[in-house]
Amino acid sequence: MKHTAKLPAPDPIAQQHSDKLLQLIFQTIKNHRGWLSFAEFMQMALYQPGLGYYSNGLSKIGKAGDFTTAPEISPLFSRALGNHLADVLKQLPHADCLEFGAGNGQMAVAILQYLQKIDRLPSHYYIIEASAYLREKQRQLIIKHFGANQNLVIWLDQLPVKFSGIILANEVCDAMPVHRIQFEQEEFVELGVGHTDNQLVWLTKPVTDTLLMSRCEQILPLLEYTPYQTEVAVQATAWLSTLADLLEQGAIYLIDYGYEANDYYHPMRHKGTLRCHYQHQVHNDPFILIGLQDITAHVDFTALAETAHQKGLRVEGYQRQSDFLVAGDILNLSQQGAPDPFQQMQQAAALKRLLLPEQMGELFKVLSLSKNVEMPRSKSADQRYRL
Ligand SMILES: C[S@@+](CC[C@H](N)C(=O)[O-])C[C@H]1O[C@@H](n2cnc3c(N)ncnc32)[C@H](O)[C@@H]1O
């Protein structure tokens with residue numbers, strides 16, 4: 001399998017994993033008469049049991065992995081988020097939390113330690129995790145901090161039928177499979193995956209799926225440049241729609257990198273927002289390092305907010321990550337305790353990464369959604385007008 005010379009070569013065991021997954025993808029393409037939608041390919045590359053990027057036993061998140069997320073940078077992120085949660089838990093005492101895609105489990109631990117400290121623990125902290133491997137990592141971390149007999153954190157295999165409380169997802173929407181489309185000569189085509197000579201290749205076909213077509217029609221007025229390639233996150237909006245149905249009362253926080261529609265479909269992004277992360281390097285070829293690299297797409301927050309609104313959720317706020325964390329009192333939190341000078345320097349560096357616009361402060365946004373609760377901190381420096 002080819003891989004770009006600039007990227008570090010995988011070790012032989014990782015390469016074997018990758019080759020095995022690639023053969024399975026070839027076979028699946030054959031079974032689908034030579035064409036797999038990009039969303040189906042991405043599903044396999046990331047989540048194929050035992051082989052996909054999130055399902056195999058290789059390090060992913062943090063220094064030893066491929067990318068670092070905000071909860072891994074500093075627990076201050078989770079504590080500031082904890083202050084937002086505490087406002088909601090005050091209105092719904094004994095309600096539950098439900099985190100999707102908890103990664104290594106750092107955010108769950110830091111949130112729970114903080115809520116315990118301020119006496120606002122939820123009744124339960126549920127986790128739904130697509131990767132069996134990460135679920136096990138989370139379990140080990142929870143045992144380390146809360147003991148083997150704890151019954152606060154519970155992993156669910158499927159969505160509850162009804163839920164009251166707080167739903168959280170940090171960098172999960174960007175990891176959901178997307179369709180790829182191209183607009184050229186007044187026509188949308190879907191970009192899918194085929195293979196020739198033992199290599200994956202892009203193939204196009206007319207858009208036939210009605211849901212995908214209706215999303216194409218929605219974004220058409222925004223496209224000012226052709227040919228225009230972009231991603232459509234049908235799965236993320238369907239997921240949010242399901243959450244809206246099951247939420248009886250409570251709040252949803254979606255934290256991710258992305259833009260509102262006007263910025264998302266800007267001519268500057270005419271090649272789309274698909275990105276691959278491998279050992280802290282970023283590139284845009286999803287057909288290499290299969291199962292060894294993360295594949296993501298930026299989030300279209302307008303599409304999520306519209307879905308939420310249509311499904312009866314209130315869009316409470318749309319904030320830059322920096323504004324959300326400042327509203328969660330991150331600056332005061334960073335003053336608490338008496339860290340030694342080295343820890344102070346580490347903390348200052350972490351704050352810079354989380355808050356500065358050229359780091360995570362501006363690209364990352366928080367969409368706050370509610371049903372019958374108030375989310376007061378989500379109103380601070382709110383940018384819903386951009387959606
Ligand atoms: C980029 S990682 C983020 C991990 C963690 N939230 C963090 O901030 O460090 C994406 C996570 O979402 C999980 N995931 C993706 N789609 C999911 C889904 N539909 N349901 C539950 N987990 C999902 C992945 O397995 C992984 O744990």
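Read-outs throughout are calculated quantities, based only on the coordinates presented, and are distinct from any laboratory measurement. Everything quoted here is computed from the prediction, not taken from an experiment. Note that each Cβ is placed from the backbone with ideal geometry, even for glycine, and that neighbours are counted across all protein chains shown.
Some values worked out for this structure:
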quantity	calculated
Neighbour-count ranking [beta-carbon atoms within 10 angstrom, fewest first] of C216, C97	C216, C97
Most mobile of H145, H277, H124 in a GNM of the chain (Cα contacts under 10 Å)	H145
Rel. contact order, % - alpha carbon contacts under 8 angstrom, at least six apart, the chain	20 percent
Cα-based Lys pair tally, the stretch 231-387, threshold under 27 Å, eight or more apart or on separate chains	8
Neighbour count of at most 10 Cβ within 10 Å plus DSSP loop: longest GluC sites (Glu not before Pro)-free window in the chain	1-185
Label point at Q310 placed 7 Å out along Cα→Cβ; residues across the stretch 240-275 whose backbone nitrogen lies under 12 Å	240-242
Quotient of Cα Rg and 2.2 N^0.38 Å for the chain, N being how many residues it contains	0.99
Size of electric dipole in the stretch 221-344: Cβ of Lys, Arg +1 and of Asp, Glu -1, about Cα centre, debye, nearest 20	200 debye
Lys, Arg +1 and Asp, Glu -1 on Cβ, resulting dipole of the chain about Cα centre, debye, nearest 20	720 debye
Top of R353, R79, R320 by mean-square fluctuation, Gaussian network on the chain, Cα under 10 Å	R353
The chain: most fluctuating residue of L325, L211, L112 per GNM, C-alpha cutoff 10 Å	L211
Cβ-Cβ FRET estimate between R386 and E184, R0 fixed at 41 Å, reported to 0.05	0.90
Convex hull of the stretch 302-384 built on C-alpha atoms - directionally averaged projected area, nm²	6.2 nm²
222 nm mean residue ellipticity, helices alone, for the chain (DSSP H n ≥ 4; -39,500 (n - 2.57); rounded to 500)	-11000 deg cm²/dmol
Length released on extending from A148 to K205, taking residue separation times 0.36 nm less the Cα-Cα span	15.3 nm
Estimated FRET transfer efficiency (E224, D197; beta-carbon r; R0 35 Å; 0.05)	0.40
Leading residue at positive end of dipole, the stretch 245-323 (Cβ point charges), from Q249, G272, T302	G272
Fewest-first sequence of V161, V234 by Cβ atoms within 10 Å of each Cβ	V161, V234
T307, T296, T210, T226 arranged by Cβ crowding within 10 Å, fewest neighbours leading	T210, T226, T307, T296
Mean separation of Cα contacts under 8 Å (6+ apart) over length of the stretch 23-158, as relative contact order %	20 percent
